[in-house]
Amino acid sequence: MKFPHHAKIAGGSFSQQAACWLPVISLAFLLGGTGSLLAQRPLGIDVYEGQGALNWTNIFTSGVTFAWAKATEGLTYNDSYFTLNEAHAAAAGVYIGAYHFAHPETHYGTAGADEEAAHFWSIAAPYVKGGYTYLMPMLDMETRDAVAVGQRMVSGHSQLCRL
């Protein structure tokens, strides 16, 4: 049986050879063969006690590579799952950091920020300084009246960045 078409392409021009391989390459892309070629954005989450006990192994295998766990809020609140989240995330291979939920609307200026920073640091310091799997601490500031609170947040809560 003769295949003159194949003989032509095998010895033909580049455009003829490309025309032969293009469907094969396209099929490879469609079947998912490009996953390693495409850049992927890392996935991260933030967690707090309202989510309960988390299965960090499942979180890691789902593609999450980093997380921040709530440590403190205001001047007195400590997240009851913080230490578990920090330990279990790191053990599962998830890079983990701590965050503080600030209340600039009630803890004004530098004095309020200093008090909140001291509270956060008293809980989070062992984890922030604990090893290479821990991320930089974060500050979560949410308020309904950002304009009125804006100056207090900038001047006061920037103290947390000096830790």
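Some points to look at:
- Long-range HN-HN contacts of Gly97 with modeled amide H, under 5 Å: Ala67, Trp68, Ala69, Leu135
- Extension gain, Met138 to Leu43: 0.36 nm times the residue separation minus the Cα-Cα distance gives 32.5 nm.
- Segments 58-64, 98-104, 120-126 sorted - mean Cβ within 10 Å per residue, highest first: 98-104, 120-126, 58-64
- Shape parameters for the range 42-118, alpha-carbon atoms, Rg then Dmax in Å: 14.1, 43
Where a number appears in this text, it was derived from the coordinates with a stated rule and is not lab data. Everything numeric in this text was worked out from a predicted model, so none of it was measured. Every residue, glycine as well, gets a Cβ built from its backbone with ideal geometry; the counts of neighbours run over all protein chains shown.
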